[in-house]
Structures are given as structure tokens and as C-alpha cells.
């Protein structure tokens, strides 16, 4: 098993050999709880083929994960006691973790959903104390010590009392004791918050995770920019953004969000400085099928949702970023001098570049003209490309001399594009991995 760690510049994740690891996650929260082994393998093969690198899922699941058995009739705990794990249930978890590993992905494992330590809402019941949380964490740490796991504490509930804090600190300490510190730990917060609010200064938090939430055009770049600026620096990301096929702001009158909404959140976050990003799909997190209660106006089965376009398009951001120097990428809004549209909500333009000045990426969510200040680039001549975030293909648009101030107009069909400016002397291949088109 390759071990992940935080990069030397404290901005990214890297593998044991120092190569970069782009966290491209999917929220399969009920995977352990609701799918058979055959279904899980089908789902995971699809996600691996689409370039996902992390599958986020929960051991003690949200949807009555303690008292409703898994697909084989097993509950996770004996008498709902965290010190008495049910071996039969965890053999199923083992199978899925091994399947994730065999496909070259990592398991973003939540030990529990938050209603098991704070039942402010949800099914619960609350079962954790600091003492049994440490015991449970140590059990998980030992069991998955040699597996490709990233620990994700929290589970969508606020930290409101000292008891909550003590439980989570104890669980983190248990995980560390069990796995010998081999795995990274982060925290999945309640909607509209980041882990940095409660945990940034704690030793066990290796990188920050925000939940920007389920509304169209949420400015998730603000969460990322805030966390990126913190001292000491830690990698940051959006671990639960707008879900594909989720009603915007939980109101069907606002319409259901689609692949375009997914892409905006993805590129805004990555170009604001995130080390990775998580995709989500409303029918898939809950693995909805007829006969189950549909959560928040769910309208498709998970099998139908498996083929929604957003899940196939997020990989193009990964291939774009991995096609250029990775660990030297920095956010830089100072590149954007003027924009044609007001930079709020759906029209927000976001820029990132190589710290050495060899390339720039600018995300245009809508067709508009943007004037860039390119003095941070080292090149005398720039190769211009428009990268299609729907297909991963690049359109070569010629060369421009680096005259410091340059205006670029996105193609008038799309609606969104990524402008790629390369030092023409660098010899970079076409952006992404799908070559040139048009």
C-alpha cells in the first residue's frame, strides 16, 4: 500500500514516492450499508473508469445505519455498543475496501455519521462517549492499517459541546493508536462550514474539508480562499458541494442541479487553491431504489444516476491539472484585471497558475471577455487553448505575444470553458488527455 502524506509546501497530497495525488472523490455514503457485493463492484468499476481516486463512505451509516441491517442482514455493532463490532458486518466492509483498493482508488472512510454523537437531527441513536470512541477508533485503525484509507471524522453535524469535542478527539486518537499514524485524517463538517472552524490547529487534522452545500452557484471559492490563507497552511478542499440531480437549496421550485452546476463548483474550488474536490449525486449517495424512502425529493434510482453526465465530466479537471506541473500550482486572482460581467454567483471567473510562470488556467463559467495581467508569466510567447470541461478536448487558438495585458473572449457555446495559456517554449502536450479537437 502506498502511503499518502501532505506535500512539503503543505498545499497538496502526495504518494510515498513524492508524486502528486489528486483527490477526486465521490460521495457514496450508504455504500457499506445498502449495496450487495455485486452491486458495489459494479458501482466501483464505473467510478474507477471515470477517473475517481477516492470513494467517500460511512461505516455507521446515516439511514438508520445502526438498526437497519445491511444487504446481508448484519448490523455493525452488537447491542449498539461501539466496543463490540459485529464481525459479519465488518467482513462486508472489508470486501468493499478491498474492491476499492483493487481498482486503484482510496476509501475516504467516515467511522460514523454525526447523528451517532450529536442527534441534533437524524435517526441516531447517540452511542458514543470519549471512552468508547477511542476504543472504536483503535479497532478501525488496526483493521484497516494496511489498506488505502483516508479517515474522515465528523459526518455532517455541528460540534456544539465539550462532550462532542472530546468524543471526536478521542476517536482521532484511537485511529492514530490503531494504524500507527499511517493514514491522513480530515473532518467532514455540517453544511456551510469548514473543518477549519473547529479543528485547524489540532495536530490530528491533516487537511481541511468544507461542505459548501446543495444550492446553485454557492461561492465555494470563498471557503477555499479562506482556508488556503490560514497559518499554519494545510491542504483544503470542498468535500460536499452541489450534488447532481439535487433540488437547489432543497426546493424543487428552484429546479434540480445538473452537470453544469457540478462543473462550476469543481473548477471554482480547484482554481481557488483546493488540492482536490468531491463530486456528489443525489440518488447515488443514498443508493435509492423503489421501496426506500426517497430523501429530499430524490427522483431517480441510483442505477439510472450512475450514467448522469456530471460523473463522467469531473475527470476532465483531473486530467487537465495532471497534464501540467502539479505541486507548483497556486491560485492567483490578481491575473484577472477586468471582466465583462459582474463577478458574482454564476459568472465568477477563477484563475490559477504555475508558481514558476509556465502556465495559467482560467475558468470561464459563461461566455464573456476577460482582460488578464500576465506579468507573472515568464514566457515571451504564449500558446492559447480553450479546454472543454464537458469532453476534455482542447481547441488550439493560436499564439499571442506576452504583452502584459491581454483580452480573451470565451467561445459563445458551452456555456463554460477553461482558458489555458502555456509558455510556448515549454513543450507541453495538449491540455488534459483527449488531445486537440476542431
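Bear in mind that the values in this text are calculations on the coordinates, not laboratory data. Because the structure is predicted, anything quoted here is derived from the model rather than measured. Ideal geometry is used to build each Cβ from the backbone, glycine not excepted, and the neighbour counts take in all protein chains shown.
Can you show me the helix-derived [θ] at 222 nm for the chain, built from DSSP H runs with n ≥ 4 at -39,500 (n - 2.57) apiece and divided by the number of residues, rounded to the nearest 500. Don't skip to the end; give the middle numbers.
Working: 12 runs with 112 residues, N = 438.
Calculated from helices alone, the mean residue ellipticity at 222 nm is -7500 deg cm²/dmol.
Is the C-alpha gyration tensor of the range 164-249 telling us rounded, prolate or oblate? Criteria: a/c under 1.5 is rounded; beyond that, a/b larger than b/c is prolate, otherwise oblate.
Details: a/c = 2.42, a/b = 1.73, b/c = 1.40.
Prolate, since a/c reaches 1.5 and a/b exceeds b/c.
Points 7 angstrom from Cα along the Cβ direction at residue 409 and residue 292: gap in nanometres?
My value for the distance between the label points is 4.9 nm.
How much of the DSSP bridge set in the range 232-390 is antiparallel, in percent, rounded to the nearest 5? Walk me through the intermediate numbers first.
Numbers: 11 of 14 bridges.
Of those bridges, close to 80 percent are antiparallel.
From the list [x] 0.98; [y] 1.14; [z] 1.05, can you say which value of Rg/Rh (Cα atoms, Kirkwood Rh) was derived from the structure given?
From the options [x] 0.98; [y] 1.14; [z] 1.05, the structure gives [x].
Take residue 222, project a point 7 Å from its Cα along the Cβ direction, then tell me which residues of the range 344-360 have their backbone nitrogen under 20 Å from it.
Within reach of a label on residue 222, which here means backbone N under 20 Å from a point 7 Å along Cα→Cβ, the range 344-360 contributes 344-351.
Give the percent of DSSP beta bridges with both residues in the chain that are antiparallel, rounded to the nearest 5.
Numbers: 41 of 68 bridges.
Just about 60 percent of them are antiparallel.
For the chain, modelled as a Gaussian network with Cα springs under 10 Å, which listed residue fluctuates most, 243, 399, 23?
Result: 399 has the largest fluctuation of those listed.
What whole-number distance in Å separates the alpha-carbon centres of the range 293-339 and the range 351-392?
With the range 293-339 and the range 351-392 each reduced to a Cα centre, they are spaced 18 Å.
Show me 282-290, 107-115, 34-42 ranked by packing, highest mean number of other Cβ atoms within 10 Å first. Could the numbers behind the result be given before it?
Values: 282-290: 21.7, 107-115: 26.0, 34-42: 16.2.
The packing order, highest mean first, is 107-115, 282-290, 34-42.
Between 47, 375, 193, find the one with the highest GNM mean-square fluctuation for the chain; connect C-alpha pairs within less than 10 Å.
Highest fluctuation of the listed residues: 375.
Pairing the Cα long axis of helix 130-143 with the longest principal axis of the chain, what angle in degrees results, from 0 to 90 and rounded to the nearest 10?
Once rounded, the angle reads 70 degrees.
Counting only DSSP beta bridges with both residues in the range 55-152, what percent are antiparallel, rounded to the nearest 5? Don't skip to the end; give the middle numbers.
Values: 1 of 9 bridges.
If I count the DSSP bridges inside the range 55-152, around 10 percent turn out antiparallel.
If the chain between residue 380 and residue 83 were fully stretched, how many nm would it gain, using 0.36 nm times the residue separation less the Cα-Cα distance? Show your work: numbers first, answer last.
On the way: separation 297, 0.36 × 297 = 106.92 nm, distance 6.41 nm.
So the chain would gain 100.5 nm between residue 380 and residue 83.
Using only Cα atoms and rounding to the nearest 10 degrees, what angle (0 to 90) does helix 162-179 make with the longest principal axis of the chain?
Helix 162-179 and the main axis of the chain meet at about 90 degrees.
Under a GNM of the chain (C-alpha, springs under 10 Å), which listed residue has the highest mean-square fluctuation: 384, 349, 400?
400
In nm, to one decimal, how far is the modelled label at residue 9 from the one at residue 343, with both set 7 Å along Cα→Cβ?
That separation, rounded to one decimal, is 2.1 nm.
Mind checking the angle between helix 37-49 and the chain's longest principal axis? C-alpha axes, 0 to 90 degrees, to the nearest 10.
It is inclined by approximately 20 degrees.
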